Every structure is written in structure tokens, then in C-alpha cells.
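K.L.:
One structure coming up, written as C-alpha cells, with questions to follow.
The values are calculated or read from the model by the stated rules, or taken from the named source; none is laboratory data. Quick caveat: nothing in here was measured; it's all calculated off a predicted structure. Every residue, glycine among them, receives a Cβ derived from its backbone with ideal geometry; neighbour counts consider all protein chains shown. The accessibility values were calculated without ligands, DNA or RNA, using every heavy atom of the protein model including side chains. Shrake-Rupley method; radii C 1.70, N 1.55, O 1.52, S 1.80 Å.
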Amino acid sequence: MSYEAHFRVWRGDDEKGELVDYPVEVNEGEVVLDIIHRLQQTQAQDLAVRWNCKAGKCGSCSAEINGRPRLMCMTRMSTFEENEVITVTPLRTFPVIRDLVTDVSFNYTKAREIPSFAPPPDLEPGEYRMQQVDVERSQEFRKCIECYLCQNTCHVVRDHEENKENFAGPRYLMRIAELDMHPLDAADRQEAAQDEHGLGYCNITKCCTEVCPEHIKITDNALIPLKERVVDRKYDPVVWLGKKIFKR
Ligand code: SF4
Ligand code: F3S
Ligand code: FES
């Protein structure tokens, strides 16, 4: 069964633009990305959109659909009323390059700022051993498809451009948590998380978790445990004494 939907799509860039209305055909089983592609084939051939897998795995097609951050390829048209206006806009937190395509380089910068896995120097590759329980703890975080929906949603940067410099965002704080939980990682992640990557800015609103298409429990399983580790160390009397002695 086909019907005509009413799409309202952002056309423009960071400087200027407008929402443009398009009546467009919808067929059974289609997702929002199918409709955007139909617009490209018909009424809006120069509409810019980023996508790749159409299977919820590449993380490219992130956008805001009726104001909600989602993957366009995983948003079924059947979840909307046929007479509903469906508004598709680019991710709000990042600069718009054109139409639905944003410049997500903020995330690449943040990724580069985190030192990579640092195994103990006396172990050669191939000699690393870890318990299954430790493997499982971080397995969830490795499902991340780098769609940046969490980074786009977190109010710390969404509403405060000025925080971008000092806040890595949920995806990369989760990366630090993953490394900190790794039994063979020898780097000091906790102090860096707090002092350099802005862990303290996170006030556990959990909006990041709500939008994650991989259903990773970013806040409960990564950010809160990382905060607890930082606090435990800060108030651990042995660590406190050690710091005092060595700072002298
Ligand atoms: Fe996307 Fe989830 Fe990864 Fe964030 S943690 S980038 S929402 S997959
Ligand atoms: Fe932001 Fe997620 Fe923390 S939305 S405030 S990083 S819990
Ligand atoms: Fe790959 Fe949507 S096109 S996640």
C-alpha cells in the first residue's frame, strides 16, 4: 500500500537555509532514508545526505527526525501517522556543511586526544592474557558504530558551544572507561578523564543512553563506573598520602 507523506527537510548550510516541504510517495516497509533517496531521485536531486550501509551499522545517516536524533535507515515510516508532517533536520550540535550533512570532525578531534591502549612494557604482543569477565565488561562498548547521536544529544555541548573544547562527550568518555577497565592498560586514565576530558561536566542525565541505536548503557555501565573510580581514588587514604609524599 502506498500513500503520500508530507516531508519537511532542511535545505541550506550553516549560514542560511530553510525548511522545505515535499509531498512524497511512501511504500510499505520503507524507512526514512528510502524517502530521502526518493526525494533525491525526483524533486530534490541536489539534496545532500550522508549514508552508507542502510543497515544501522555504518553510523553515517544520523539526523534529527521530528527533533529526535535517530538513524534515518533504522526509522520505519510505519512508526508515523500517514497524515503526520515528518521533519528531517541535520544534527544540531555540529556545523552544517549542506542540507542533512554535518561536519562531525569534533568527534575525530576528541578521539585523537585519547592515548591508545598502553600495555605493560614487559609484555610482547601475543602474551596478553585477560579473564573472560574483563572481556565481557567492555564488549558492550565495542558495539559503538560511531554514529555520534550521543555526542549530538548531550546537553553539555548541544546547548553550550563553549564546552566543546573541554568535554570529550559520552562516546569518548566511554572509550576512556573501556580502557580504564582493561586489566592490562597501564596508562593513568582517571586523572585525565577528570582534568582533560571533562568527566565532571557530565551530570548523568542519560540522554546519551536514550538515543544510542546500539542500546549501549553508556551512562550506567561506562560513565557512572568511571566517575566512581575517580572518586574512589581521590578519597582513598593510601592514594591521598602517596600523592602528598611524592609531590613534596
Ligand atoms: Fe552512536 Fe551509541 Fe556509539 Fe554514541 S555510543 S556514537 S550513540 S553507537
Ligand atoms: Fe551528557 Fe550522557 Fe552525561 S547525556 S550529561 S554524557 S549522561
Ligand atoms: Fe549506515 Fe544508516 S546508512 S547506519
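K.L.:
So, counting K/R as plus one and D/E as minus one, what does the shell of residues with Cβ under 15 Å around GLU28 add up to? Spell out each step's value before the answer.
P.N.:
Working: positive: ARG38, ARG76; negative: GLU4, GLU25, GLU30, ASP34, GLU82.
Local net charge: -3.
K.L.:
To continue, here is another question. So what's the gap between the Cα centers of the stretch 5-61 and the stretch 77-141, to the nearest angstrom?
P.N.:
Computed from Cα coordinates, the inter-centre distance equals 23 Å.
K.L.:
Just add up the charged neighbours of GLU161: K/R +1, D/E -1, any other residue whose Cβ is under 14 Å from the Cβ of GLU161.
P.N.:
Working: positive: ARG92, ARG158, LYS164; negative: ASP14, ASP103, ASP159, GLU162, GLU165.
Charge balance near GLU161 sits at -2.
K.L.:
So if each residue of separation counts as 0.36 nm, and I subtract the Cα-Cα distance between HIS160 and GLN131, what length gain in nm does that give?
P.N.:
Details: separation 29, 0.36 × 29 = 10.44 nm, distance 4.09 nm.
Gain on stretching HIS160 to GLN131: 6.3 nm.
K.L.:
Over the stretch 93-183, with every protein chain in place, what whole percent of the accessible area is carbon and sulfur at 1.4 Å, could you tell me?
P.N.:
About 50 percent, which is the carbon plus sulfur part of the accessible surface.
K.L.:
Let me ask another. What is the stretch 1-155's relative contact order, in percent, from Cα pairs under 8 angstrom and six or more apart in sequence? Please report the intermediate quantities before stating the final value.
P.N.:
Numbers: 236 pairs, mean separation 38.3, N = 155.
This gives 25 percent for the stretch 1-155.
K.L.:
For the charge dipole of the chain, defined by +1 on Lys and Arg C-beta atoms and -1 on Asp and Glu C-beta atoms about the Cα centroid, which residue among THR42, ASN221, VAL85 has the Cα displaced farthest towards the positive pole?
P.N.:
Going by the charge dipole, the pick is ASN221.
K.L.:
With every protein chain kept in place and ligands, DNA and RNA left out, what is the accessible area per residue of the chain? Probe 1.4 Å, answer in Å². List each step's numbers first, then the result.
P.N.:
Numbers: 13780 Å² over 248 residues.
Accessible area per residue, the chain: 56 Å².
K.L.:
Let me check I've understood the local charge: for ASP14, count other residues with C-beta under 12 angstrom from its C-beta, Lys and Arg +1, Asp and Glu -1. What total comes out? Kindly include the intermediate steps, with their values, before the conclusion.
P.N.:
Working: positive: LYS16, ARG92, ARG98; negative: ASP13, GLU15, ASP99, ASP103.
Taking every other residue near ASP14 into account, the sum is -1.
K.L.:
Rounded to the nearest angstrom and ordered from largest down, what semi-axes does the equivalent ellipsoid of the chain get from its C-alpha gyration tensor (root of 5λ)? Intermediate results must be reported in sequence, preceding the final value.
P.N.:
Numbers: eigenvalues 347, 73, 45 Å².
With the √(5λ) rule applied to the chain, the semi-axes are 42, 19, 15 Å.
K.L.:
In deg cm²/dmol, rounded to 500, what helix-only [θ] at 222 nm does the chain give when every DSSP H run of at least 4 residues adds -39500 (n - 2.57) and the total is split over its residues? Display every interim value, and only then the final one.
P.N.:
Details: 10 runs with 82 residues, N = 248.
The helix-only estimate for the chain comes to -9000 deg cm²/dmol at 222 nm.
K.L.:
Further, regarding this structure: Among 225-232, 152-159, how do they line up from the highest to the lowest mean number of other beta-carbon atoms within 10 Å? Before the final figure, lay out each step's value.
P.N.:
Values: 225-232: 15.9, 152-159: 20.5.
By packing density, highest mean first, the sequence is 152-159, 225-232.
K.L.:
Here's a follow-up. What's the Cα-based Rg to Rh of the stretch 79-118, Rh via Kirkwood? Don't skip to the answer; put the middle values down first.
P.N.:
Details: Rg = 16.6 Å, Rh = 13.1 Å.
Here Rg/Rh amounts to 1.27.
K.L.:
Cα convex hull of the stretch 5-71: mean projected area in nm², to one decimal? Mind showing how you got there, number by number?
P.N.:
On the way: hull surface 19.7 nm².
Mean shadow area of the hull around the Cα atoms is 4.9 nm².
K.L.:
Please give, to one decimal in nm, the separation of the simple spin-label points placed at GLU124 and ARG8, each 7 Å out from Cα toward the Cβ.
P.N.:
Inter-label distance under the simple model: 6.5 nm.
K.L.:
Measuring from label point to label point, each 7 Å out along Cα→Cβ, what is the VAL20 to MET74 span in nm?
P.N.:
Once both label points are built, they end up 2.9 nm from each other.
K.L.:
A follow-up question, please. Given C-alpha coordinates of the stretch 8-128, what is the ratio Rg to Rh with the Kirkwood estimate of Rh? Please list the in-between numbers first.
P.N.:
Working: Rg = 18.8 Å, Rh = 16.3 Å.
Expressed as Rg/Rh, it is 1.15.
K.L.:
Magnitude of the Cβ-charge dipole of the stretch 1-147, K/R +1 and D/E -1, about the Cα centre, nearest 20 debye?
P.N.:
On the way: 18 positive and 25 negative charges, 47 e Å.
In debye, rounded to 20, the stretch 1-147 gives about 220.
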